[in-house]
Amino acid sequence: MSSVTRPLRKVLVSHPSVPKAALDLLQQRGCETIVCESVPPSRAEIIRKVPGVDAIFWAHYQPLNGEILDAAGKQLKAVSTMSSGLDYADIAEFKRRQVPLGHTPGIVKNSVADLAVGLMISAGRHFHAGRKEIENSLWRTEQIIWLMGQEVRGSVVGFLGFGGVGQAIAKRLQGWDAAKFIYHTRTQRENPYGAVHVSFAELLRESDFLVVACPLTPETREKFNADAFKAMKPNCVFVNVGRGGIVDQPALVNALKTGEIAAAGLDVMTPEPLPANDPLLQLPNCVVIPHLGTQTMQTTIEMSLTAANNILNALEGKPMICPAY
């Protein structure tokens, strides 16, 4: 008796650095992976290779929109990003075409939370300014008051956004003797950390550390503007691990220059990559790192496997593990 071999389902992988574990999983489950080789990812290469595929594994932050869906064709059955945020994806267009879209939220919370605590400490204790003092031969061993920083102990730690990432940060700060945790979200969230839901105005007014851990949406875009920084404490340490677009960046630069706030620690900014001559990089009281939140091998592999399983589930007619809508 002859057996019928099911044709391979084609999956376009938009970046050559996607972990091998995810590619192996797709191949073991009957998929042919078509990997784009250009770094940084070339949109022209993607559009050249995407026609006729059954699914797309999207592993970068280029716009994911109707242009890509048009190029793929009507046979496209699934798309999954390898990211938590989806501000670069045209979700309305996916809904209109009824193309399943997945992403990888939740997985990133631990690596991003670790990094956020690091930014709180490095900005709050002036690591960057201290290094610049050494480089300029200005290390003041005889000064009693020099580069005075902000401790977590006794501080009010505030969060814009208190989902997986925000709560993972609060979990890590248990035992650091913070005075209290406060947060602002659209709705109140039950949490085991005693964090108190407050208005945005109170969040600005009360926070000694203020951590942005929310997605970029029309509601949050440039929420931290000149008026917001003016309302914050002069000793406040501002940390952003959400998205750069949540901040009016020139207003942040001005707030740091004028002393409206004490310091900032940024893993995200606008644009990315940030030009080497950007004003943020000239400020001694601003710690800037290049969007490293998810950059651990453990988290990257977990994200890639979730994206692969999103695709496999959709191709098999099952719900995605992490659907975008």
Exercise. Taking a cut-off of 25 Å between Cα atoms, list the lysines near K318, but don't count ones fewer than 8 places away on the same chain.
Key: K10, K20, K74, K77, K95
Quiz prompt | Separation of alpha-carbon centers, the range 111-182 and the range 305-325, rounded to whole Å | solution = 38 Å
Quiz prompt | Where labels lie 7 Å past Cα in the beta-carbon direction, separation of A92 and D227 in nm | solution = 2.5 nm
Quiz item: Of the listed peptides 54-61, 316-323, what is their order by residue-averaged count of other C-beta atoms within 10 Å, with the highest listed first?
Solution: 54-61, 316-323
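Below 14 angstrom from the Cβ of V212, what's the summed charge of the other residues (Lys, Arg +1; Asp, Glu -1)? Before the final figure, lay out the partial values.
On the way: positive: R221, K223, R243; negative: D87, E219, E222, D248, D267.
Every neighbour counted, the sum reads -2.
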Quiz item: Say each of R29 and V196 gets a label point 7 Å from the Cα, pointing the same way as Cα to Cβ; how far apart are those two points in nm?
Solution: 4.6 nm
Quiz item: When the chain is fully extended, how far beyond the present Cα-Cα distance does E45 get from E67, taking 0.36 nm per residue of separation?
Solution: 6.6 nm
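Specify whether the C-alpha gyration tensor of the chain places it in the rounded, prolate or oblate class, a ≥ b ≥ c being the square roots of the eigenvalues: rounded for a/c under 1.5, otherwise prolate if a/b is larger than b/c and oblate if not.
Numbers: a/c = 2.32, a/b = 2.00, b/c = 1.16.
Judged from the Cα gyration tensor, the chain comes out prolate (a/c at least 1.5, a/b above b/c).
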Quiz item: So how tilted is helix 297-315 from the main axis of the chain? Cα-based, degrees 0 to 90, rounded to 10.
Solution: 40 degrees
Quiz item: Of M303, V287, Q150, which is farthest along the charge dipole of the chain in the positive direction, counting Lys and Arg as +1 and Asp and Glu as -1 at C-beta?
Solution: M303
Self-check item: Cα-based reach from K171 at 18 Å (exclusive), listing lysines while leaving out same-chain residues under 8 positions away
Solution: K109, K180
Quiz item: Across 10 Å bins from 0, what is the distribution of all Cα-Cα pair distances for the range 109-288, in whole percents?
Solution: 10, 40, 36, 12, 2, 0
Quiz item: Could you give me the ³J(HN,Hα) list for the range 244-258, computed from phi with Karplus coefficients 6.51, -1.76, 1.60 and θ = phi - 60°, whole Hz, x at Gly and Pro?
Solution: x, x, 6, 10, 6, 5, x, 5, 5, 4, 5, 5, 6, 5, 8
Quiz item: Which part of the range 252-287 falls in the paramagnetic zone of W176, meaning amide N under 20 Å from the point 7 Å along Cα-to-beta-carbon?
Solution: 261-268, 285-287
Self-check item: E151 paired with Q282, simple spin-label distance in nm, labels 7 Å along Cα-to-beta-carbon
Solution: 3.6 nm
Quiz item: Going toward the positive end of the dipole of the range 22-66, with +1 on Lys and Arg Cβ and -1 on Asp and Glu Cβ, which of Q28, V39, L64 do you reach last?
Solution: L64
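Every read-out reported here was derived from the displayed coordinates using simple, explicitly stated rules and does not represent laboratory data. Computed from a predicted model, the values in this text were never measured in an experiment. In this analysis, Cβ positions are derived from the backbone assuming ideal geometry, glycine residues included, and neighbour counts consider all displayed protein chains.
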